[in-house]
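Notes for the one structure printed next.
A short reminder: the numbers here are calculations on the coordinates, not readings from a lab. This one's a predicted model, so the numbers in the text were calculated from it and none came from an experiment. We place every Cβ from the backbone using ideal geometry, glycine too, and count neighbours over all the protein chains shown.
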């Protein structure tokens, strides 16, 4: 058990140390913008959630909260950097919680219900941290330019796995309180929880890859 915990801690440490490897250089990005004769303040492609808030006709533009200008885009890039850093830190915390949650869940499925309250409480904490981290990523201000590359790469892999673990987490939460009503609900909760953990793990690994 001690060896397993040590491996888990070393794995988390390596992920945290790799954080600086994929942090974006927002200062350089902004310098490129102001040196352009006719700067484009928004990228051609954005997430739907970003377009709703930060698009040319987004909520923040229409209400005047953040008018589309070079000065405001500079501030938005700073906000984006902070939000993505928070997203990554919360991601590590969520991952650690998922690991412990899986250990407790395994004990319950083996008949040890003494950890039920801890499992339930931790489940709520993990869900809050997970969806908070997801929200920070989905609603962050968009970059200046779209960095999509042709072919399969680490960013696309990260998005593919996200499309798996997001619905898996939703299903896990839906059936969290129903798993004692019937065996089929318990099985759905178990499968969705493992699917969420596996895809979330691969999403974290893929983002630190460079290809």
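List of remarks:
- Exposure proxy ranking, count of Cβ atoms within 10 Å, fewest first, for 201, 206: 201, 206
- Relative contact order computed over segment 76-131 (Cα-Cα under 8 Å; 6+ residues apart), in percent: 41 percent
- At q = 0.19 Å⁻¹ the log10 of I(q)/I(0) for segment 107-178 amounts to -0.92, computed by Debye summation with a single uniform scatterer per C-alpha, solvent ignored.
- Whole-number D in µm² s⁻¹ for segment 44-191, Kirkwood Cα-pair radius fed into Stokes-Einstein, 25 °C, 0.890 mPa s: 138 µm²/s
- Hydrodynamic radius (Kirkwood) for segment 64-149, which is based on Cα pairs only, to one decimal in Å: 15.3 Å
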